[in-house]
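Okay, so here's the structure we're looking at.
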Amino acid sequence: MEIAVDEIPCQEAEPITVGQELKSARERMGMTLSELAAETRVPMRHLESIEQSEFSALPGHTYTVGFVRSYARALGLDDVAVVNALRAELSSGGHEKYEAPLQNYDPTDPARVPSKTLAWTAAAVAALVLAGYLIFRSYALAPTAMPQTPASVATTAPAPTASNPVATVSDETSAENVGMNEQAPPPPATLVATPNP
């Protein structure tokens with residue numbers, strides 16, 4: 001009995017995935033998933049997803065590549081070759097790279113811009129707060145003024161004239177007269193009021 005080559009059913013070998021390669025390498029080394037998770041610091045559920053080639057369960061393309069790279073390094077495999085095989089598998093398998101969700105509004109959407117009334121009200125409140133601060137600062141931090149004596153209360157002393165010379169005593173002379181260790185008190189100040197011309 002002859003069997004023609006055309007009559008033999010063709011059984012295509014299912015291509016081995018990156019996850020299956022990593023799983024078989026892990027099992028050959030005798031590591032458990034929990035040991036691998038502790039070494040790589042990748043959660044066990046992500047390692048299981050990688051081994052089952054369920055990349056949609058992983059957070060994103062970048063994380064998937066990073067997790068597979070860590071997995072390969074922990075097993076001592078060539079991480080560059082494994083990552084390249086992963087990228088080829090992702091592109092041929094219809095998996096798309098992770099994209100951030102689109103914004104649901106336009107950045108210049110007028111509904112997101114505050115109204116003119118709100119803007120003017122905020123500006124007015126800011127101006128009032130600034131004015132209040134400046135007024136408070138000018139009154140609270142101003143030096144206290146000395147009470148002034150009115151001109152009518154001030155004592156008048158005759159202005160010195162050439163016929164009536166005023167004698168002055170220096171501090172050294174008065175100190176000699178009072179004693180060696182004592183100093184004379186300063187001479188009293190006299191208020192002199194001059195009439196306005």
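The values are calculated or read from the model by the stated rules, or taken from the named source; none is laboratory data. Quick caveat: nothing in here was measured; it's all calculated off a predicted structure. With ideal geometry, Cβ positions are generated from the backbone for all residues, glycine too; neighbour counts draw on all protein chains shown.
A few remarks follow.
- Meets criteria (at pLDDT below 90, β-branched (Val, Ile, Thr) and not in a helix (DSSP H, G or I)) for ILE16: yes
- Search result, residues across region 18-46 that are crowded, with 18+ Cβ neighbours inside 10 Å and over 34 Å from the mean Cα position of the chain (by Cα): VAL18, GLY19, LEU22, LYS23, ARG26, LEU36
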